[in-house]
Amino acid sequence: MNTTNLHLVRHAATVTRHRRAALFGHRSAVLWFTGLSGAGKSTLAHAVEESLHQRGSHTYVLDGDNVRHGLCSDLRFSLEDRSENIRRIGETAKLFVDAGCIVLTAFISPLRIDREQARRLFEVGDFFEIYCRASIEICEQRDIKGLYQKARRGEIKEFTGISSPYEEPIQPDLIIDTGAESLEDSVERVLAFLLLRDVLKPSPS
Ligand SMILES: Nc1ncnc2c1ncn2[C@@H]1O[C@H](COP(=O)(O)OP(=O)(O)O)[C@@H](O)[C@H]1O
Ligand SMILES: [Mg+2]
């Protein structure tokens, strides 16, 4: 909805996102994990959160299935509903960034345009697209939720990678080969990336 004629005036907070984040010794940012179902988005996002939490960071994971129980419970899996799902997640992540959090989102987010629109909500350097790269064969072999089997039997319509598209990121900020490397190595690589991009500060040794 266009809100230009609603006479809304933002109230500027004196406590800014940077002051909020500084309490925890980092910058706030969004790590946007994308990839096929079973690629490892949730596993990696939660493992990275665990590691960040242990170093005293302020974190939150927005995870696909959980959000679809509440904020997005009215949405299904048509491309239109998926876009609206991603729009709401983007806006929610923005609030978390404003709250000084490192927010990790774990959604298939299959369309480039939806991910690009999410990116546009943020300042440069606040949004990092992390591609959890695992082939459809590997994801289907894992089939941890049994969804691929159901999709092959035609019991799930519009299943990403089988009957609904997944558009690989063209220039993601980071690629993690979750189909090949260990979870520990993947976590290490994300943390190294966050240091490189000045989200985290090196721990004093
Ligand atoms: N490097 C890795 N990163 C994340 N998950 C991995 C990795 N290697 C193997 N896995 C396994 O892949 C599966 C990914 O499942 P899940 O995280 O639920 O995927 P998604 O959230 O993308 O649908 C888990 O069983 C996890 O243990
Ligand atoms: Mg998941």
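Work out the charge dipole of segment 1-159 with +1 on the Cβ of Lys and Arg and -1 on the Cβ of Asp and Glu about the Cα centre, then indicate which of LEU121, PHE24, ILE86 is farthest towards its positive end.
Result: PHE24, furthest along the dipole toward the positive end.
Once you order the gyration tensor axes a ≥ b ≥ c over the Cα atoms, which shape class does segment 36-95 get: rounded for a/c under 1.5, otherwise prolate or oblate by comparing a/b with b/c?
prolate
Do any trypsin sites (Lys or Arg not before Pro) in segment 118-163 lie in a DSSP loop with no more than 12 other beta carbon atoms within 10 Å, and if so, which?
Sparse-neighbourhood loop trypsin sites (Lys or Arg not before Pro): LYS145, ARG153, LYS157.
So, by mean Cβ neighbours within 10 angstrom, what's the order for 25-37, 58-70, 7-19, 102-114 with the highest one leading?
So the peptides 25-37, 58-70, 7-19, 102-114, ranked by packing, come out 25-37, 102-114, 58-70, 7-19.
Say we join alpha carbon atoms closer than 10 Å with springs in a Gaussian network model of the chain; which of GLY100, GLY56, GLY161 then has the biggest fluctuation?
Of GLY100, GLY56, GLY161, the most mobile in the Gaussian network model is GLY56.
With a ≥ b ≥ c taken as the square roots of the eigenvalues of the C-alpha gyration tensor of the chain, please select rounded if a/c is under 1.5 and otherwise prolate if a/b is larger than b/c or oblate if it is not?
oblate
Pull out a ≥ b ≥ c, the square roots of the eigenvalues of the alpha-carbon gyration tensor of segment 3-54, then state rounded if a/c is under 1.5, prolate if not and a/b is larger than b/c, and oblate in the remaining case. Please list the in-between numbers first.
Working: a/c = 5.17, a/b = 1.52, b/c = 3.40.
Here segment 3-54 falls in the oblate category.
Using the Kirkwood radius over Cα pairs, work out the Stokes-Einstein diffusion coefficient for segment 128-205 at 37 °C and 0.692 mPa s, in µm²/s as a whole number.
Working: Rh = 14.7 Å.
The diffusion coefficient I find is 223 µm²/s.
Using DSSP, restrict attention to beta bridges with both residues in the chain and report what percent are antiparallel, rounded to the nearest 5.
5 percent
Over all directions, average the projected area of the Cα convex hull of segment 1-107 and note it in nm².
8.2 nm²
At 222 nm, what value in deg cm²/dmol follows for the chain if DSSP H runs of at least 4 each add -39500 (n - 2.57) and the sum is divided by all its residues, to the nearest 500?
-12000 deg cm²/dmol
If one computes the Cα centroid of segment 69-99 and of segment 137-197, what distance in Å separates the two points?
Spelled out, the Cα-based centre of one part sits 19 Å from the other.
Going through the DSSP H helices of the chain, which span 27 Å or more along their own axis at the Cα atoms while scoring at least -1.0 as a mean Kyte-Doolittle hydropathy?
Counting only whole DSSP H runs, the qualifying helices are 79-98.
Only Cα pairs within less than 10 Å get springs; with that Gaussian network setup on the chain, which residue of ILE138, ILE176, ILE130 has the largest fluctuation?
ILE138
Which one, LEU111, LEU200, GLY38, is farthest towards the positive end of the dipole of the chain when Lys and Arg carry +1 and Asp and Glu -1 on their Cβ?
Value computed over the given set: LEU200.
At a 1.4 Å probe radius, carbon and sulfur cover how many percent of the accessible area of the chain? Walk me through the numbers on the way to the answer.
Numbers: 6220 of 11710 Å².
Its accessible area is 53 percent carbon and sulfur atoms.
Pull up the cross-link candidates among the lysines for LYS94, meaning alpha carbon to alpha carbon under 21 Å and not fewer than 8 places away within one chain.
Within the straight-line limit of under 21 Å, LYS94 reaches these lysines: LYS41.
Under 16 Å Cα-Cα from LYS157, which lysines qualify once same-chain neighbours fewer than 8 residues away are excluded?
Leaving aside lysines fewer than 8 places away in the same chain, those within reach of LYS157 are LYS145.
In debye, nearest 20, what is the charge dipole magnitude of the chain about its Cα centre with +1 on Lys and Arg Cβ and -1 on Asp and Glu Cβ, if you could check?
For this selection, approximately 560 debye.
For segment 22-137, what is the relative contact order in percent, using Cα pairs closer than 8 Å and at least 6 residues apart in sequence?
Computed value for segment 22-137: 48 percent relative contact order.
With an 8 Å cut-off on Cα pairs and a minimum separation of 6 or more residues, tell me the relative contact order of segment 62-205 in percent. Each step should come with its number before you reach the end.
Values: 114 pairs, mean separation 31.4, N = 144.
Over segment 62-205, the number comes to 22 percent.
The values are calculated or read from the model by the stated rules, or taken from the named source; none is laboratory data. Nothing here was measured: the structure is a model prediction, and the numbers come from that model. So basically every Cβ, Gly included, is an ideal-geometry build from the backbone, and we count neighbours across all protein chains shown. We work out accessible area using only protein heavy atoms, side chains counted, and drop any ligands, DNA or RNA first. Shrake-Rupley method; radii C 1.70, N 1.55, O 1.52, S 1.80 Å.
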